[in-house]
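Structure first, then comments.
The values are calculated or read from the model by the stated rules, or taken from the named source; none is laboratory data. None of these values were measured; they are calculated from a predicted model. A quick note on method: Cβ atoms are made from the backbone with ideal geometry, for glycine too, and the neighbour counts reach across all protein chains shown. The accessibility values were calculated without ligands, DNA or RNA, using every heavy atom of the protein model including side chains. Shrake-Rupley method; radii C 1.70, N 1.55, O 1.52, S 1.80 Å.
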Amino acid sequence: MVNRIHPTAVLGPGVELGDGNVVGPYAVLAGPLVIGDGNWIGPHVTIGTPAEDRTGPHPVSWEDDPAGAGVRIGSGNRIREYVSIHQGTRRITRLGDNGYYLRGSHVAHDCEIGDDVTLASNVVLGGHTAIWSRANLGMGAVVHQHVRIGPGAMVGMGSAVRREVGAFTIAVGNPARVTGLNVVGLTRLGLTGEQIAGLELWLKGTGPIPPDGLLDRLPAGVSTLVQAWNDRKD
């Protein structure tokens, strides 16, 4: 499939596109930038502009040779109007597959975002944050630099996240506090009530993964996320 790029869009040097992408009017894409297949990039989106660093360089990146650590975006994402995604500084800014980035959301430099993530309108991620797969951040949520949001977590609208949010939990408020488990999300991923109950202590951070083989009985995608989160390093 060919890419559909509006004539008013600007693609600078060092931009690599896969197949079947849509790039809307007045979008600005600056390199180094690698984008996969089948992404929808809306009007006035900016991807790959310099990091918001007062002491850092601010090249004319949509015209000049590529600068910065780069941005890599997977496939199947929908990136709506006025979203901004900045160049990495120490590492590549990464977005996974099948994400939905609503109008005006912002991904700062050096962020790492997994698959199937939703950032609602006006979500702001500080630099070096990590948003794990299947997390969902509500409208206007703000995430402090270097914070991690666990897989399948939900963050309520208008929340200010200053510390790590655990896997498949719900966090709301300013500052955001965990108020419960994302039972609806786990159920939609195919977990039974018994399996959710078996994971409850681990999800709440008060116990280990049950040693009775529960991990092997979870749906494959969920068990992979649970194991990866369990093995994460501080």
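Ranked from largest, the principal axis spans of the Cα set of region 34-131 equal 32, 25, 20 Å.
Convert 37 °C to kelvin, take the viscosity as 0.692 mPa s, use the Kirkwood radius over C-alpha pairs of region 113-163 as Rh, and evaluate the Stokes-Einstein diffusion coefficient in µm²/s, rounded to a whole number.
Calculated translational D: 319 µm²/s.
The sum of -39500 (n - 2.57) across all DSSP H runs of n ≥ 4, divided by the residue count of the chain, sets its helix-only mean residue ellipticity at 222 nm to -3500 deg cm²/dmol.
When the Cα positions of VAL23, ILE113, ILE41 are compared along the charge dipole of region 13-148, ILE113 comes out farthest toward the positive end, with charges on each C-beta of Lys, Arg, Asp and Glu. Between the listed residues TRP229, VAL161, VAL184, the Cα displaced farthest toward the positive end of the dipole of region 157-234, a dipole computed from Cβ unit charges relative to the Cα centre, is found at VAL161. Dipole magnitude for region 57-158: computed about the Cα centre from +1 point charges on Lys and Arg Cβ and -1 point charges on Asp and Glu Cβ, it is near 300 debye.
The order of GLU16, GLU164 by accessible area, most exposed first and with a 1.4 Å probe, is GLU16, GLU164. Between GLU194 and GLU63, full extension at 0.36 nm per residue minus the direct alpha carbon distance yields a gain of 41.5 nm.
Taking region 128-208, how much of its Cα-Cα pair set, in percent, is spaced more than 15 angstrom apart? For region 128-208, the share of Cα pairs beyond 15 Å comes to 53 percent.
Rounded to two decimals, the Cα-based Rg/Rh of region 1-40, with Kirkwood Rh, is 0.93. Under the convention that each Lys and Arg Cβ holds +1 and each Asp and Glu Cβ holds -1, the size of the dipole of the chain around its Cα centre is about 580 debye. The dipole here belongs to region 24-73: it is taken about the Cα centre, uses +1 on the Cβ of Lys and Arg and -1 on the Cβ of Asp and Glu, and is about 140 debye. Projecting the Cα atoms of PRO50, HIS128, SER61 onto the charge dipole of the chain (Cβ charges, centred on the Cα centre) puts HIS128 farthest toward the positive pole. At a 1.4 Å probe, what is the % contribution of carbon and sulfur to the accessible area of region 123-175? Roughly 56 percent, rounded to a whole number. Using the alpha-carbon atoms, what tilt in degrees (0 to 90, nearest 10) does helix 193-203 show relative to the longest principal axis of the chain? Tilt of helix 193-203: around 70 degrees.
Average accessible surface for the chain: 49 Å² per residue, computed with a 1.4 Å probe over protein heavy atoms with every protein chain in place. Computed over the chain, the alpha-carbon pair-distance distribution with 10 angstrom bins reads 8, 33, 31, 19, 7, 1, each value a whole percent. For region 1-68, the orientation-averaged shadow of the C-alpha convex hull comes to 4.3 nm² (one quarter of the hull surface).
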